[in-house]
Each structure stands twice: as structure tokens, then as C-alpha cells.
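The values are calculated or read from the model by the stated rules, or taken from the named source; none is laboratory data. Nothing here was measured: the structure is a model prediction, and the numbers come from that model. Note: ideal-geometry Cβ built from the backbone for every residue, glycine included; neighbour counts use all protein chains shown. Quick note on the areas: whole protein, heavy atoms, side chains included, nothing else; ligands and nucleic acids left out. Shrake-Rupley method; radii C 1.70, N 1.55, O 1.52, S 1.80 Å.
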Amino acid sequence: MKATYNFAEIEKKWQKRWDGSNIYKVFEEIGKPKKYILEMFPYPSGELHMGHVRNYTIGDVIARFNKMSGYNVLHPIGYDAFGLPAENAAISQGVHPKKWTYQNIDTMRNQLKSLGISYDWEREIITCEPDYHKWGQWIFLKFLEKGLAYKKKSSVNWCPSCETVLANEQVKNGFCWRCDSFVEKRELEQWFFKITDYAKELLNDLEELEGWPERVKIMQANWIGRSEGALVDFTVKGLNEKITVYTTRPDTLFGATFFLLAPEHPLVNELVKGTPFAREVEEFKKKIARKSEIERTSEEMEKEGCFTGVYAINPVNNEEIPIWLANYVLMEYGTGAVMAVPAHDQRDFEFAQKYNLPIKVVIQPEGISLDVATTKEAYIGEGVMVNSEKFTGMKSSEGTKALIKDLEEKGKGKASVNYRLRDWLISRQRYWGNPIPVVYCDRCGIVPIPESDLPVLLPENVDFTKKGIFPLITLEEFVNTKCPECLSPARRETDTMDTFTCSSWYFLRYTSPHEENAPFNKETARYWMPVDQYIGGIEHAVMHLLYARFFTKVLSDLGLCQIREPFINLLTQGMVIKDGAKMSKSKGNVVDPNYIISKYGADTARLFILFAAPPEKELEWSDQGVEGCYRFLNRVWKLVHEMMPFLKDEIDVEMDKTDENLKHMIHRTIKRVTEDIEERFNFNTAISRIMEFVNALQKYNEERENKNSRVLKEAINTLIVILSPFAPHMCEELWEKIGNKESVYFESWPSFDERWAQAEEINLIVQVNGKVRDKIVVSADITKEEMENQALSSEKIKKYVEGKQVKNVIVVPGRLVNIVTA
RNA sequence: GCCGAAGUGGCGGAACUGGCAGACGCGCACGACUCAAAAUCGUGUGGGCUUUGCUCAUGUGGGUUCGAUUCCCACCUUCGGCACCA
């Protein structure tokens, strides 16, 4: 009975059986502890790549492990189906985005099934389905009702290649995150979500996310960018006008020698109107406006400015300082106005040098004396205040407090906290997305579509051939409608929502994917949420993970769910690379999962991808490494088959030393594999433990002729069960072959006996002055005194100690003895 | 520039809380089987040396310690994030 490991047949057999019997289906079982294991759902771009395989395999092992450990496990999957690639495919290949998307979904679903991932397929979500995106629109209307969705004209990021606006989070280094084109600035009226209302909470709650990697939390914290400072009111000389600045350094107020406004600042025109400076200012504004974000930041940050002819009055000393426009002052941050302190801010320093503006030192660092004449850069640190009237002599920190108090008393300023986070721009001038459910009525203005009329469906008969015009805007039958309020003719909104809105609440929908009366059922969400383990790529550290947290908080405030944070634990998996570079078609280093599955089987693919590196790190693909895993599975297959006859026989021979060693190995392996999976997600070491176990079994097979069937049975059962989350198909087959009727998926994860998990004997390390000089095998329950005696009586050790005075003997119980000589 | 992560054999990677550096796997070498090859199995495998042993070795240089891949300080390199945020 030398059956060969026919993975293709085995995998097909079990995938069919799992599918047919719905073995991964779950429902809420009140009173049973739950685990919600979730991998970031894929964008259906065509076929799965190795990054997907890694993501879903990691999630599957965690899900299977938790299920076997007694939890009620929710493990769903879906597709983030709206998005630009579908539309680009439509343009380049002439296929409708819907058709393209659904074809890809079918392909990817088949691939996921061919990997044997334990999904509850009845919960599958496709975000472009009307019964899903309807609720996305519904949520939008709730945001609108709450004032969290609004429309505003502002300078926005425009990708000329994608022909749409982008959120700040989607601009990487001035380039489009998707197509790498230069991003331009355009003045457009766009829809925003007011994520800034939640800036404080989004930042503060990061602290509670103990199960998140520190670096992700730091990235989010940096993105939110909290800073503490003060708002200070300056007045404009000769005009009854107040301009407020935001500063993080009130202690430098006396050092302000000029005043800066963003070129787009709304007050600029008023200031220069009818003055000789008006023309120059106008030209400067135009010049800056023409420049894209990338140009504004790429020219080695050359400071540029323009004098307005007007002066501001400093509230702390009534000094008159000139008001300039400067290219480096941003309208979107703070108040768009800045007090310039060239002595203590590097940018202001450079600006002052270029335009010959005065520099005044007001902070002296301890031990050094700053001199304006010789200094080559601003001193930006803290110190002692000088030239600051009654505040002179104070330290920066106390001066800051005192100045804020002083300003508050005079009614000229107050303490203030600022965030870098901007509101989330969600409108996209694209077809393949979720339509924004509002109409524009000449009489009523912006009118939401009534809930009973949702969803606003995407019309399917659209023309993608006209480059430069996005399809919906020209479609009369879609655009022309009636105002729901006054029934007069109105125009429909043609923008669609950023696809990140679809992925910001899908994890809630999985808890009741077929709910018809709400985005999700409150009770099932209460049972399953929050997600206990979320797994996905680090590239979503800011965008998706921040948006999803924001949505959860809003939905919670709307009373739809109870939780404030969606994901308790986050695992960010590393990239799959080959030859030192990310797999990509252009580099030609792509390894196709289909090829690996057909050549070695899904179990080998899964095993290798987990074995080659710990999940958080980059994974270097190695064809030879895959072969190694394939060999291992073959060894297991052969070994179990060789052992089968002994399992049936009830020869109850007495346990001898070999049997005992094997029993120790069984329990040691269970212990280590359990800890590796549970505590650290170190699947690579978990697998290496199983390999060691198999090596030990193989040795046992050779050494022990009269096999102890009881111990052997325990060993084989353990092996199959603990290997099953990694290589489920082969383990199911072996499990059945050794006589089990039920799926190994329903088996309990084995527990270990601590006494057996401990070795009987240990290797006692004996050091002399920290160098290993002998190793002695001793009983594990040896006392400290015995350890010392054994060590000192060793012949090898005597050689080193002879003639020297033993100064100290350090004994680490169960480990080593270190003899320190004089 | 600021923030963060990481540097260990020929390669991927192990080493719990400071206690045998290199588990497990790949590769390589030799051997067995074979007419032969593949597959499989076995043995060996960080460097150096005067090889029952000694010695050097975890990016570099210091430090703490009986003992450091692990802790501290400085530096180098690589990767990632942010980048005129007042």
C-alpha cells in the first residue's frame, strides 16, 4: 500500500467536499466565545498574486487554529469591487467595468478555493452590488444629516491621468498613489467627510490599541499631527482688521520681525486694494497658483515672497512689522497666517536673509551667546527669554505659559491645539463607484435622495470612449431628474464616492451580509465585533485603517454599533519579494500562484509562504525553498502510511526509553507550536518544530522495532492535527485514512502535559570565566548545589581551575554554571 | 531634515526574560541505492589554527556585566513613513 502523495487529486477531493457540506459556515452562538478573524479583502484586479496568498494563508492558519481551540470563528471574504482599474480596463479593452469586475471576481474566488482557505462563503460581499452600495449611500446621507459630509470649493489634488481628484492620503510625494502621475492643484467644488472632527479621538484612541504594531500607530499619529500652541491676534495698521496667527512658540513673540500670509489668504486682496502694491501682489499670487504641489516643494524649498505695503501690529509690544506673502505659508494649516521669527525658525531665517529683513534674538540657549551678526542658522531650541520686556529671564516653557495667560487676559489670544489632518475629500469624477445620492435643485439647493429611493443605481449603458469627459455627466437620462422636495426639474450629482468609503465599513456588513433593513444588524454586530485579528499589508497603515476607524466612530455615534474601534489586533504582513525587489510585471520577477499550486499543490504553497519568513517581515521567494516544503510533506505522507499498520494493532508493549523520548517530543512539540502560533504568530518556527517532530518520528520508526501503538497513535494524531491549519488538504486525507469519520477541522487543538513537555535530562553548561568548557548531561530536577558540585568535579573543568583561586560560582538553575577565577 | 524598523554562515532564517550563537530549511560536499541519471536515504557543513583541542566571529567602535545577537552610548549602511505643518 505505497500510496504516493497525489496532491492534485487530494486537494480537489477535499475542496469539493468542504464546499458541498459548507463546513466553514458559522452563526452566532450566544455564550460561546467568538473570534472574528479578518484579512483585508482584495481588489478584483485579475488574479491573485503572492501577496494575496500570503495574506490569506496567514489569516487561514489563525482562523483554523482558533476554531480548533474552541472559539466560534467568523472568517469571511469579499471583494472591494468599485474602482479605477475596472474603468481603465473598460477604456483600453472596451469591456464594461461591471463585466470585467465580475469576471475577475470569479477567477479570484476559484483561486481562493483552490488554496483551501476556510471562508464562510455564504457571507461573501461584493461592494458594487446594489444591496451593499445602497447602504454606503445611506451612510453618506447620515453623514450629511450630521454635518459630517459637506461640499466646499477648495484647492484640491487633481490627477490629470486618472482625471479625478484625490484625497491627501492618496498623494504620495506629489504623485498619484495609483498611476504615479504628477498631481496638480485645482480649485474645485468637492464633497468632503469631516474627519477632522474626530482628529482628537482618532489620535487618543491609538493608545488603547495595544494589539497594533507600534510603527502603524506612529504613522497614524504623525499623519494626524497634533501640535500645541496659541492663537494670537495681530491687528492691521490703519485698518480695522484683525489677523489671527497660530504659533507653537508663543515664547518667541517678541522676536517677530515680520508677518506672513499664505498667497491664497482671503484678506490679501482687501489689504492691497487700490495701493501701488496691488499689481505685484496679484502677479505673485498667480505665479504661486500656477505651481503644482510638487514644484512648490521640489525646488530645494527656495523661499519666495512679496511685500504688501501693509503693517501688522504685534499685540505684545505694539511693534509694527511688515506683512508679506510667502510661498511656504499654507492656507490649509493653522490660520494661513504666520508671525515670522527669523532668529528662531529656519524658514523665516532664510526668508529674512533673502529679503533683508531684521532678525532679533529673543531666546538664548544655555551656555551659548547668540549673535545675529555671525549666526548662520536659526536657533530653534528652547532656552531663556531675552529682549522680551517683563518676560525676560523666563525659560521657554514658563514663558509660553505666562504669555498665553497674558494674551488671554488682554483678550488677544488663547491656547490652541492644531492638527495636520485635513478633511477627507471623497468625491471622484469617475463612473465605476458608488454614486453620491443627492440632487441639485435651483430652488432647494442640495437635496438628499430619500431613503426609500435608494440605491441610486449606476446606469449601465455608458460610453467610455470619450477621453476627458467622464461618462455620467453626459448621460441625460441619469443627470436629469426631479427634486425630491419640490418636484421641479433638478440635476443629479454625477460624482461617485472614493472607493475607500466602501472598505470603511465592510467588516460590519460581514456580521449580517444579507440584512435588508439596515447596513448591518445591530445584534449580530454586537456579537461579532470588534474584529479580533485583522491582517493586511502595511501600505494601508494610514489610509484604509484611519478611514475605517473614523467610520466606526461615526457609526457608533449614530447608535448603529457599540464599539469605538473596529480592529483590536492588527498584523501587518511584509511584502513578497524576489531577487531583492517587489514582484512586478515590469521587473519580470512575478511568480504565479497558479503555477505553484499546479506544480506542488496548495498545501506546499501555503507551507512555504509561512515557513520562509515571519509574517511581518519581507519574504524572499525561493523556488528551492518551495521544493524543500514539498519534500517535507512527502516525508510526512510516507511516514504516516508506514506507521498505519502499527496503529491498528493493539500491541500494548511496555514503554521503553525510546517510547518515552517520543512522548516527551510529542508534548514538547504541542507546547512550542501552540505558543508560536498563539503568542507571536511565528509560523516559521512553528513549522520548524513540526519538522523536528517528524524527524524524531522517523528516527523512532527506525530504532523501535516493537512499536508502542498507544504512543505511536498519540504521535500520529498529534502530527496530523497540528499540521492541519498549515496543510489542510493533506491532513484531511491522512485523518480519514487513519480511520476518522469527521473532518479534522472539527478536532480540538491538542493540549500538552507540562510534565511530559519538560525534558528528563538537561545539558548542563559549564563555563569558566564566561567561556564554555564542558557540557554535562544531568537530570532535570538537579539542585543548585548538585549543579555546582558536578561542575567543579568535571575533569575538563579541573584543568582550567587548577592552581587558581575560585572567586565566584554563578549557578543558573537548569541551565549553567559559571566559575569565575581570580 | 524629522520619525520608525532592520543589519547574524554561501542563502531564507533560529536563539524565551542577559546564559551552549547558527534550531529548521535551502544550497554544497561525500557516501548508499542505480548500468547511469533523477528521486530517495545517510553523513558532514561559520572562519582560522599547531584539530581529543584552541581561537576569532551576530554592521563598526566603546561601555555595563561573572556572562551581551539581547541592555546603554556613539557611528555606518539599508529599507519604510512624513516632509516648508509655523
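Things worth noting here:
- Candidate set from region A:233-252 (those that are open to solvent by less than 10 Å² (accessible area, probe 1.4 Å) and out of contact with any helix residue (DSSP H, G or I) (no Cβ under 6 Å at 6 or more places or on another chain)); member that is farthest from residue A:549 (Cα to Cα): A:236
- Screening region A:608-639 for residues that are among the hydrophobic types (A, V, I, L, M, F, W, C) and over 18 Å from residue A:686 (Cα atoms) and picking the one that is farthest from the chain's Cα centre (by Cα) gives A:639.
- Residue A:591 within 30 Å of residue A:209 (Cα to Cα) and within 25 Å of the chain's Cα centre (by Cα): no
- Region A:341-356, residues that are open to solvent by less than 40 Å² (accessible area, probe 1.4 Å), under 38 Å from the mean Cα position of the chain (by Cα) and more than 7 Å from RNA strand B (Cβ to nearest atom): A:344, A:348
- The residues of region A:309-338 that are out of contact with any Asp or Glu (no Cβ under 6 Å at 6 or more places or on another chain), within 14 Å of RNA strand B (Cβ to nearest atom) and open to solvent by 10 Å² or more (accessible area, probe 1.4 Å), listed by number, are A:324, A:328, A:330, A:332, A:333, A:334, A:335, A:338.
One line per residue, one yes/no per condition, for (1) small (Gly, Ala, Ser); (2) in a strand (DSSP E or B); (3) more than 26 Å from residue A:665 (Cβ to Cβ):
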{"position": "A:787", "(1), (2), (3)": "no, no, no"}
{"position": "A:797", "(1), (2), (3)": "no, no, yes"}
{"position": "A:800", "(1), (2), (3)": "no, no, yes"}
{"position": "A:817", "(1), (2), (3)": "no, yes, yes"}
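- Residue count for region A:673-711, restricted to those that are near RNA strand B (Cβ under 9 Å from one of its atoms), under 17 Å from residue A:60 (Cβ atoms) and not acidic (Asp, Glu): 4
Here is a yes/no grid of residues against (1) open to solvent by less than 10 Å² (accessible area, probe 1.4 Å); (2) within 30 Å of residue A:470 (Cα to Cα); (3) not hydrophobic (A, V, I, L, M, F, W, C):
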| site | (1), (2), (3) |
| --- | --- |
| A:530 | no, no, yes |
| A:539 | no, yes, yes |
| A:555 | yes, no, no |
| A:565 | no, no, yes |
| A:572 | yes, no, yes |
| A:585 | no, yes, yes |
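- Taking the numbered list (1) within 19 Å of residue A:124 (Cα to Cα); (2) open to solvent by 20 Å² or more (accessible area, probe 1.4 Å); (3) at pLDDT below 95 in turn, residue A:83 passes all entries but (2).
- Yes/no for residue A:545 being open to solvent by less than 10 Å² (accessible area, probe 1.4 Å) and within 30 Å of residue A:425 (Cβ to Cβ): yes
- Enumeration of residues in region A:425-481 that are over 20 Å from residue A:191 (Cβ atoms) and touching a residue at least 24 places away in the same chain (Cβ under 8 Å): A:443, A:460, A:462, A:464, A:465, A:467, A:468
- Boolean, residue A:22 is open to solvent by 10 Å² or more (accessible area, probe 1.4 Å), touching a Lys or Arg at 6+ places or on another chain (Cβ under 8 Å) and among the polar types (S, T, N, Q): no
- Of all residues in region A:790-804 being open to solvent by 70 Å² or more (accessible area, probe 1.4 Å) and within 11 Å of residue A:776 (Cβ to Cβ), the one that is nearest to RNA strand B (Cβ to nearest atom): A:796
- Residue in region A:428-441 that is of a type in the set (Lys, Arg) and surrounded by fewer than 18 Cβ atoms within 10 Å (Cβ to Cβ) present: no
- When region A:201-229 is limited to residues that are of a type in the set (D, E, K, R) and more than 16 Å from RNA strand B (Cβ to nearest atom), the one that is most open to solvent (accessible area, probe 1.4 Å) turns out to be A:208.
- Criterion applied to A:700, A:630 was being open to solvent by 50 Å² or more (accessible area, probe 1.4 Å), farther than 30 Å from residue A:570 by Cα and touching a Leu at 6+ places or on another chain (Cβ under 9 Å), and the one residue passing it is A:630.
- Candidates A:398, A:382, filtered to the one that is in contact with a Ser or Thr (Cβ under 7 Å, 6 or more places away or on another chain) and of a type in the set (Asp, Glu): A:382
- Filtered by the rule that a residue be modelled with pLDDT under 95 and away from RNA strand B (no atom under 12 Å from the Cβ), region A:243-275 gives A:266, A:267, A:268, A:269, A:270, A:271, A:272, A:273, A:274, A:275.
- Residue list for region A:123-172, filter: within 30 Å of residue A:23 (Cα to Cα) and among the small types (Gly, Ala, Ser): none
- Candidates A:411, A:433, A:393, filtered to the one that is out of contact with any Leu (no Cβ under 6 Å at 6 or more places or on another chain) and either within 16 Å of RNA strand B (Cβ to nearest atom) or under 30 Å from residue A:129 (Cα atoms) (or both): A:433
- For residue A:807, the test of being open to solvent by 30 Å² or more (accessible area, probe 1.4 Å), within 30 Å of residue A:26 (Cα to Cα) and without any contact (Cβ under 8 Å) to a residue 24 or more places away in the chain is failed.
- Any pair with Cβ under 8 angstrom, 6 or more apart, that starts in region A:616-638 at a residue that is of a type in the set (Asp, Glu) and ends at one that is more than 7 Å from RNA strand B (Cβ to nearest atom) and assigned to a helix (DSSP H, G or I): A:627/A:600
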